[in-house]
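The values are calculated or read from the model by the stated rules, or taken from the named source; none is laboratory data. Bear in mind the structure is a predicted one, so any value in this text is a computation, not a measurement. Cβ placement follows ideal geometry from the backbone for every residue including glycine, while neighbour counts extend to all protein chains displayed. Side chains included, ligands, DNA and RNA excluded: accessible areas come from the protein's heavy atoms. Shrake-Rupley method; radii C 1.70, N 1.55, O 1.52, S 1.80 Å.
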Amino acid sequence: MPLTFHWFLPTNGDSRHVVGGGHGTPVNEAGGDRPPTIAYLSQIARAAENLGFEGALTPTGAWCEDAWLTTAMVSQQTERLKFLVAFRPGFVSPTLAAQMASTFQRRTGGRLLLNVVTGGESTEQRAYGDFLDKDARYARTGEFLDIVRRLWDGGSVDHRGSHLTVEGARLTQLPDPVPQVYFGGSSPVAGEIAARHSDVYLTWGEPPAQVAEKIAWIRGLAEKENRTVRFGVRLHVIARDTSEQAWAEAARLLSAFDQETVRSVQAGLARSESEGQRRMLALHGGGRDGLEIHPNLWAGIGLVRGGAGTALVGSHQEIAERIEEYHRLGIDEFILSGYPHLEEAYWFGEGVLPLLAARGLWTRPRGQAPAAPAQVPFAAAS
């Protein structure tokens, strides 16, 4: 299966420095360098579309703009790019969510993908009126996805569960195509829900050995459900013409992390209830030494950012080799990002994707001619 690549829309702001935020930590001041205006996000989306990315992920939470509304607007400035919309099931009824997805598909020509996020930290969930604990939130997500999928199948749904109740729910218009469901989580209950309902299981960028363990775990659970699940990984990327240039950029980003900011962010993330976040923290331990945790896999981003905290760093050739290494484990989809997102999309799209195409691992989306190389890819954003 050819590899699929998605980019990222920084709806919390963008910068030439790392923009923090997520999992209970606030967006740092770098997030104001390039505000997440529709004009700027559309510029990133069009670049990703022209370079050959399949879609673009948008985050969810109090620390960023709403993903549904933002992508609905940006979709009108693009033609082919899909939108991997992150949303939390506890904040909207399953019937309304199914209807919203159906509307999105009709208005965009079928360009919606759904990233189901069971919840953030409990303090943030309570701010939205959600007082369930973590395990109960996952149980509710299972009920939610069961209802939504039955509605997408065209049936009339009656459901009375522990957390959700609907009677006579039905869609007057079905989504075409039915959106693919992306789902992540490292806890036992998360694995059960992913195996039962997800089309693509997502993991953050851990070293390959740990990713292989996760893939085997989810595959085993999915087999018990008589299902097959695809796999994707969420990573940042710093790709350059030479390895030295890439690591110099990583060092530049790291030099902007003052020790007090790192200490404060790490203290906040240490309180996270997320098993995935715990695993991210364990990769670097809050220190600046030993951040290359696998060849070309750098854990420095996680010092100041919640969630995905690792980056592929190296020459275009090295990055292509690491991607092939993950692919051999079973990873077919890569959701990538970099600071700033406009420039880094060009570095990866013009430097790495052609190498993967030459290896027979990637083909440009149908109906799209290769984009002309940008002489100065960041000129419009400077």
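Given their separation in residues at 0.36 nm each and the Cα-Cα distance between them, GLU260 and ILE38 gain 76.6 nm when the chain is fully extended.
Cα gyration tensor of the range 99-171, axes a ≥ b ≥ c as square roots of the eigenvalues: rounded (a/c below 1.5), prolate (a/b > b/c) or oblate? Because a/c hits 1.5 or more and a/b fails to exceed b/c, the range 99-171 counts as oblate.
Average accessible surface for the chain: 41 Å² per residue, computed with a 1.4 Å probe over protein heavy atoms with every protein chain in place. For the range 1-147, a simple Cβ point-charge model (Lys and Arg +1, Asp and Glu -1, everything else neutral) yields a dipole of about 400 debye relative to the Cα centre.
How large is the translational diffusion coefficient of the chain in µm² per second when you combine the Kirkwood radius over alpha carbon pairs with Stokes-Einstein at 37 °C and 0.692 mPa s?
On the way: Rh = 21.1 Å.
It comes out at roughly 156 µm²/s.
What residue among ARG240, ARG364, ARG271 shows peak mean-square fluctuation when the chain is described by a Gaussian network model with Cα springs under 10 Å? Of the options given, ARG271 has the highest mean-square fluctuation.
Between ARG80 and THR172, how high is the FRET efficiency from 1/(1 + (r/R0)^6) when r is the Cβ-Cβ distance and R₀ = 25 Å? Nearest 0.05. Please list the in-between numbers first.
Details: r = 28 Å, r/R0 = 1.11.
Plugging the Cβ-Cβ distance into 1/(1 + (r/R0)^6) gives 0.35.
Under 28 Å of direct C-alpha separation, and excluding same-chain neighbours fewer than eight residues apart, LYS224 reaches these lysines: LYS134, LYS214. Ligands, DNA and RNA left out, the 1.4 Å accessible surface of the range 116-231 is 47% carbon and sulfur atoms.
How big is D for the range 296-343, in µm² s⁻¹ as a whole number, if Stokes-Einstein is applied with the Kirkwood radius of its Cα pairs at 4 °C and 1.567 mPa s? Don't skip to the end; give the middle numbers.
On the way: Rh = 11.8 Å.
Taking Rh from Cα pairs, D becomes 109 µm²/s.
Which order, highest average first, do 221-230, 288-297 follow once you tally other Cβ atoms within 10 Å for each residue and take the mean per peptide? Spell out each step's value before the answer.
Numbers: 221-230: 13.8, 288-297: 15.6.
Packing proxy ranking, top to bottom: 288-297, 221-230.
The charge dipole of the range 184-264, taken about the Cα centre with unit charges on the Cβ atoms of Lys, Arg (+1) and Asp, Glu (-1), comes to about 300 debye, rounded to the nearest 20.
If I take every Cα pair under 8 Å that is 6 or more residues apart in the range 298-344, average their sequence separation and divide by the length, what percent do I get for the relative contact order? Write down the numbers at each step before the final one.
Working: 22 pairs, mean separation 9.4, N = 47.
RCO, the range 298-344: 20 percent.
Taking TRP347, TRP362, TRP68 and ordering them by how much accessible surface each has at a 1.4 Å probe, largest first, produces TRP347, TRP68, TRP362. Between GLY52, GLY268, GLY360, the Gaussian network model of the chain with springs among Cα atoms under 10 angstrom shows the greatest mean-square fluctuation at GLY360. Separation of the range 46-65 from the range 208-235 is 24 Å, based on Cα centroids. Think of the chain as having a plus end and a minus end, set by charges on the Cβ of Lys, Arg, Asp and Glu; of ALA101, HIS236, HIS284, ALA101 sits farthest toward the positive end of this dipole. Entry note, the chain: the mean residue ellipticity at 222 nm calculated from DSSP H runs of n ≥ 4, each adding -39500 (n - 2.57), is -12500 deg cm²/dmol after division by the residues and rounding to the nearest 500. Principal axis analysis of the Cα atoms in the range 218-361 yields extents of 47, 41, 25 Å, listed in decreasing size.
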